[in-house]
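**Student:** First, the structure itself, so that you have it in front of you.
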Amino acid sequence: MSTVRFERFLARLYTDADLLRRFLADPMTTAARCGLDDTERSWLRDVDRAGLVFASESFGRKRASRRQPLLRRFVAVFRGRF
Amino acid sequence: MAVVFDRVGLSWRGPLAAAILSNLDRIDVIELMLEDFIDASRAQLGGVRLLRQTTPVMVHGVSLGLASLRPVASRRLDRVARVVDAIAPESWSEHLAFVRAGDIEIGHLAAPPRTQATIEGTARNVDRAATVLGARPLLENIATLVDPPGSDLDEGAWVRETLSAADTDLLLDLHNLHANATNFDFDPIAFLDQIPMDRVRQIHIAGGRWVTHTVDGLAERRLLDDHLHDVPDPVYRLLVEVAARASGPLTVILERDGRFPMTSTLLRQLDQARDALREGRGRAQPAAEAV
């Protein structure tokens with residue numbers, strides 16, 4: 001099974017470094033505080049801890065690389081004006 | 001004797017434009033990134049239509065997030081439809097991934113839990129997309145650095161059942177398969193035996209690199225699919241296996257997103273893909289002859 005709420009929790013783990021750190025320190029409490037019910041928490045019992053670290057770091061780099069071109073465009077526009 | 005027309009091509013990237021346009025005699029087909037054309041002007045789209053007159057073109061998206069329990073937003077489908085309508089490609093494709101959850105943008109392709117629920121969610125989204133775009137997308141298996149939490153199916157079974165439920169074909173990314181098999185210790189040939197080979201229409205090949213982290217005091221390493229390195233030998237060997245098993249024509253696309261090598265190096269990798277296809281077709285059965 002999976003739920004919309006579980007999908008959202010995964011997205012938060014992949015994008016929020018502080019949440020991931022708290023989750024790795026205490027998975028079940030953190031998941032409960034994020035609103036996951038007993039069934040959803042059971043899906044995290046044998047979670048791939050190393051994989052979460054690799055994935056969140058990789059997604060973070062992707063997000064940063066997407067922001068860069070925007071920044072470059074912004075700089076280019078203002079360089080032309082002043 | 002049946003003749004199978006396999007093709008080999010490149011994904012279009014701006015820095016490769018000159019290399020591609022000056023070697024169209026060695027490039028059978030070009031894949032365009034759909035998102036590159038979301039905000040394209042009429043003139044830019046006109047340029048693509050000109051290219052299409054000389055070389056078959058396919059479009060490939062990364063932003064819809066079809067493998068989700070949430071319905072894909074209509075406005076996203078409308079924007080994709082505008083591009084597909086303007087370019088009129090041979091086919092369009094997307095990934096077996098979710099990329100957002102409500103207002104949270106993950107930033108790249110995330111593997112959903114491999115469950116019956118996500119199979120059904122993906123099928124609903126493919127139906128929605130097909131209604132808006134007028135054609136079903138090919139779906140691509142993705143590379144993942146994390147064993148998707150919440151899964152109760154293995155990747156091969158999940159991909160097979162998703163293709164069946166969504167009634168569409170597969171864009172089989174062989175480096176993604178190689179990376180997942182390496183990272184999660186399964187046999188990629190067993191994966192090929194699980195999926196319906198008659199649904200494999202396109203192939204991606206690419207390269208990657210090892211990444212390392214210390215987690216829980218242990219040094220861990222995983223193979224990252226980064227599209228910044230040359231295609232490794234295991235991927236060509238998988239291509240031989242696919243060509244030996246597939247009955248229909250295959251279109252192979254080399255994906256390279258950066259650290260671009262010399263044009264001769266890219267063309268050599270296309271030739272290696274052709275050699276692999278030929279070897280696989282030769283091994284397949286006397287009924288099919290590779291061209």
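The values are calculated or read from the model by the stated rules, or taken from the named source; none is laboratory data. This structure is a prediction, so every number in the text was calculated from the model and none was measured. Backbone-built Cβ (ideal geometry, glycine too); neighbour counts: all protein chains shown. The protein model used for the area step is the full one, side chains on, heavy atoms only, and it has no ligands, DNA or RNA in it. Shrake-Rupley method; radii C 1.70, N 1.55, O 1.52, S 1.80 Å.
**Student:** Tell me, what is a quarter of the convex hull surface for the C-alpha atoms of the stretch B:86-198, in nm² with one decimal?
**Tutor:** Dividing the Cα hull surface by four gives the mean projection, 7.8 nm².
**Student:** May I ask for the net charge around residue B:80, where only other residues with Cβ less than 11 Å from the Cβ of residue B:80 are counted and Lys, Arg are +1 while Asp, Glu are -1? Can you show the working numbers first?
**Tutor:** Numbers: positive: B:75, B:76, B:79, B:82; negative: B:35, B:78, B:85, B:94.
Local charge sum for residue B:80: 0.
**Student:** Further question on the same structure: Beyond 14 Å, what share of the Cα-Cα pairs of the stretch B:203-283 remains, rounded to the nearest whole percent?
**Tutor:** Percent of Cα pairs beyond 14 Å in the stretch B:203-283: 65.
**Student:** So what's the projected area for chain B, the Cα convex hull averaged over all directions, in nm²?
**Tutor:** Result: 15.5 nm².
**Student:** By DSSP, what percent of the beta bridges with both residues in the protein assembly as shown are antiparallel, rounded to the nearest 5?
**Tutor:** 30
**Student:** Something else now. What spacing in nm lies between the two simple spin-label points modelled at residue B:215 and residue B:193, each 7 Å away from Cα in the Cβ direction?
**Tutor:** 2.9
**Student:** Show me, for the stretch B:188-205, the HN-Hα J-couplings you get by feeding each phi into the Karplus relation (A = 6.51, B = -1.76, C = 1.60, θ = phi - 60°), rounded to Hz, glycine and proline as x.
**Tutor:** Computed from phi, the couplings for the stretch B:188-205 are x, 5, 5, 4, 4, 6, 7, 8, x, 5, 6, 9, 7, 10, 10, 10, 10, 10 Hz.
**Student:** Further question on the same structure: Residue B:253's amide H: which non-local residues (gap 5+, or another chain) put their own amide H closer than 5 Å, with H modeled 1.01 Å from N in plane and none for Pro or chain starts?
**Tutor:** Excluding prolines and chain starts, which carry no amide H, the hits are B:9, B:203, B:204, B:205.
**Student:** Along the principal axes of its C-alpha atoms, what lengths does the protein assembly as shown span, in descending order and rounded to whole Å?
**Tutor:** So the extents along the principal axes, rounded to whole Å, are 64, 61, 43.
**Student:** Computing the accessible area with a 1.4 Å probe over protein heavy atoms, can you report the carbon and sulfur percentage for the stretch B:7-290?
**Tutor:** 49
**Student:** Could you tell me the total accessible area buried at the B-A interface, probe 1.4 Å, in square angstrom to the nearest hundred?
**Tutor:** 2800
**Student:** Say we join alpha carbon atoms closer than 10 Å with springs in a Gaussian network model of chain B; which of B:152, B:127, B:25 then has the biggest fluctuation?
**Tutor:** B:25
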